[in-house]
Every structure is written in structure tokens, then in C-alpha cells.
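The values are calculated or read from the model by the stated rules, or taken from the named source; none is laboratory data. This one's a predicted model, so the numbers in the text were calculated from it and none came from an experiment. Don't worry about glycine lacking a Cβ; one is built from the backbone with ideal geometry, like all the others, and counts go over all protein chains shown. Calculation scope for accessible area: heavy atoms of the full protein, side chains included, ligands and nucleic acids excluded. Shrake-Rupley method; radii C 1.70, N 1.55, O 1.52, S 1.80 Å.
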Amino acid sequence: MNLLKISTIILAGSLLFGCASPAKVENMKVDESVNMSFDEGLTSSIEVNKVGGGEDTNPMWTSEIGNKEFEAALKSSLKSLYLLSDNSLPTYELSASLMEVEQPTFGLDMEVTSSIRYVLVEKSSNKIILDEVIKAPYTATFGDAFSGVERLRMANEGSAKTNITNFLDKLSMLKIDKSNIKLITKL
């Protein structure tokens, strides 16, 4: 009898609250519609070397940003802006590490803040071109989705997409001169 009660409670909870699903690649990637231009030296020259720090989603717990999904979104974003290397001799290696993903436990509005460290290295010289930790919040509201589990997933995706967008903005400020690569700040 107790097993039947426990099973009923678990089933009712699943139906009411839903199961957690991981952040989706298509909702984290940045497409060509962003209004950014990049130095010619970055065109088709970046290889994504390593992505780490993400967590796999446990369907019975909370939505997370997984390494595979984030890497796919990052590569897709770079590809859509013609930055991803299309040959076996890329000029730059990019690594990304999800340092922290701050998530609420519950709430009507779910704000997630991702902190991701991006390191861009020139392969031939091992010179670090860019080493930035980017922190990006995103809020999914009750109006976005009724289910808290769904709002949390949407907030994860929005934070990751905003983070990638902010990283791309930093890349757009790079001016490549083989003797002196600099980050130009926009006024």
C-alpha cells in the first residue's frame, strides 16, 4: 500500500511540475542576425578546443547547461558569423569554462547568471589574445512559461546566449595586427 501511495505522489508531482530538461542548443546559439563586424584576421580562424565546467541535467532535479550543449551552441554561433575555422589549420584556439551558473531554487521570475571564462590563444606563438570572465544574467518570467522547470530552462538558455553574445562583442573589438593584437574599446 505504501508503495502505491509513494508512486502516486511521484507521478502527480511529475505531472504538476514536469521533469527538468537540459538547456537546448538552438536556444543558446547566436545567429547571423546580430549586428557585429569582426577583424578580417578572425575570419574562419577559430577552433573551439575545450569546453568544461557545465553540468548534465538530472531530470528529477533542475535544468542545467551541459558541456556538450554549450560547446555546440558556441561552435554554431562562431560558424554563423564566419569565425569558426573550416580547415585543419586554425590560427586561434578557444576554450570556455563555465565557472558558475547561479540559479534560483524556485520563484515566479527565474533569474540565472552564468559566469564563463573564455581564453583565446594564438596557436603558433601560444600568446593569449583574450582572457575574459563574462557574467551574464537573464530572467525568464511567469509570462514566459507556467512551469517553473520550463522557466528555469529558459533562463539558463537566455543567460548562456547573452553570455556568448557578450563574448562575441569582445571579439568584435579585437584588431588583428600580427605584430600587435589589441582590444579596442568602443565609446
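Given the criteria at pLDDT 90 or above, closer than 25 Å to L84 by Cα and in contact with a strand residue (DSSP E or B) (Cβ under 7 Å, 6 or more places away or on another chain), does E40 qualify?
No: the conditions fail for E40.
In the range 133-170, what count of residues is obtained for those that are open to solvent by less than 30 Å² (accessible area, probe 1.4 Å), among the charged types (D, E, K, R) and under 18 Å from S77 (Cα atoms)?
Qualifying residue count, the range 133-170: 1.
Name the single residue that is modelled with the highest pLDDT among those in the range 82-115 being open to solvent by 80 Å² or more (accessible area, probe 1.4 Å) and more than 23 Å from R153 (Cβ to Cβ).
Y82
Name the residue, out of S77, S63, that is modelled with pLDDT under 90, open to solvent by less than 20 Å² (accessible area, probe 1.4 Å) and closer than 18 Å to A160 by Cβ.
Just one listed residue meets the conditions, S63.
Which pairs have Cβ atoms under 8 Å, sit 6 or more apart or on different chains, and link a residue in the range 77-103 that is under 13 Å from K170 (Cβ atoms) and without any contact (Cβ under 8 Å) to a residue 24 or more places away in the chain to one that is open to solvent by 70 Å² or more (accessible area, probe 1.4 Å) and outside any strand (DSSP E or B)?
Once the first residue is under 13 Å from K170 (Cβ atoms) and without any contact (Cβ under 8 Å) to a residue 24 or more places away in the chain and sits in the range 77-103, no partner that is open to solvent by 70 Å² or more (accessible area, probe 1.4 Å) and outside any strand (DSSP E or B) comes close enough.
Looking at the range 75-93 only, could you name the residues that are of a type in the set (S, T, Y) and part of a loop (DSSP other than H, G, I, E, B)?
Result: Y82, S85, S88, T91.
Return yes or no: is A23 farther than 24 Å from K127 by Cα, modelled with pLDDT of 85 or more and crowded, with 16+ Cβ neighbours inside 10 Å?
So A23 fails the test.
Quick one: which residue in L108, L98, L84 is touching a Ser or Thr at 6+ places or on another chain (Cβ under 9 Å) and within 25 Å of S37 (Cα to Cα)?
L84
Y118 passes all but one of (1) of a type in the set (S, T, Y); (2) open to solvent by 20 Å² or more (accessible area, probe 1.4 Å); (3) under 17 Å from S159 (Cα atoms); which number fails?
Evaluating Y118 over (1) of a type in the set (S, T, Y); (2) open to solvent by 20 Å² or more (accessible area, probe 1.4 Å); (3) under 17 Å from S159 (Cα atoms) leaves (2) as the failure.
Keeping to the range 132-154, report how many residues are among the basic types (K, R) and not in a strand (DSSP E or B). Walk me through it before giving the result.
Residues of the range 132-154 among the basic types (K, R): 135, 151, 153.
Next, only the ones that are not in a strand (DSSP E or B) stay: 151, 153.
Adding up the residues that qualify gives 2.
What is the residue count in the range 95-131 for residues that are part of a strand (DSSP E or B) and over 14 Å from the mean Cα position of the chain (by Cα)?
Initial filter on the range 95-131 (part of a strand (DSSP E or B)): 95-102, 110-122, 127-131.
When the remaining residues are screened for being over 14 Å from the mean Cα position of the chain (by Cα), the result is 110-111, 119-122, 127-131.
Looking only at that region, the number is 11.
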